[in-house]
Amino acid sequence: MGATMMPQQETHHLSIGGDAGGVGRAPASDVDQDAPVLVISQAAALAGMHPQTLRQYDRLGLVVPRRTAGRGRRYSLRDVAKLLEVQRLSHDEGINLAGVQRILALESQVERLERRIEALSARVEPGGRVFAAAASGDVVVVPRGRSVRRGVEEALRETLVEHGEARALVIWRPRADGTDN
């Protein structure tokens, strides 16, 4: 009489093989969080939910797993974390599923914007920019690798095209000691 053993949920390990001996276990930090490796029953067991709940969340667009060529659902560890967050918001916080969907969409948007800010910040070197300003008030960054004169001429040309006339040009460069004077 063999009893079916469910994989134990642990904080730092994930059982993919489902065997009791620990073979097939890998530290969660060594596993790609976005790899779609879990079938619906495994993801449901890890999230403490019924597989039908996962299907419903998929239909509602709350947690949409990737699909195999045969249309089978494959969940990642990130998907399981999202399932747990949906459960926490709906059960513990009392938020309806439409509210949960909006919260998840906003959190996703914030993450995308934070990644964009990081990418843009990495491209900017403090103190390494030169700005040109025309009398019209337009301020233009002189592209890296361009001489200031050429960058200023291009900025003036663009200003002339947009406004018809440029009367003054100001070039500002920060001093090496960090002051503006």
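Here are the numbers for the structure shown:
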item: Residue-by-residue Karplus 3J(HN,Hα) for region 66-76, coefficients 6.51, -1.76, 1.60, Hz, glycine and proline x; result: 6, 10, 7, 4, x, 6, x, 7, 10, 9, 9
item: Rh (Kirkwood; distinct C-alpha pairs) - region 56-98, Å; result: 11.1
item: Restricting region 81-122 to GluC sites (Glu not before Pro) in coil, as DSSP defines it, with at most 13 other Cβ within 10 Å; result: 93
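None of the figures in this text is laboratory data; all of them are computed from the coordinates on show. Keep in mind the model is a prediction, meaning the values are calculated, not measured. We place every Cβ from the backbone using ideal geometry, glycine too, and count neighbours over all the protein chains shown.
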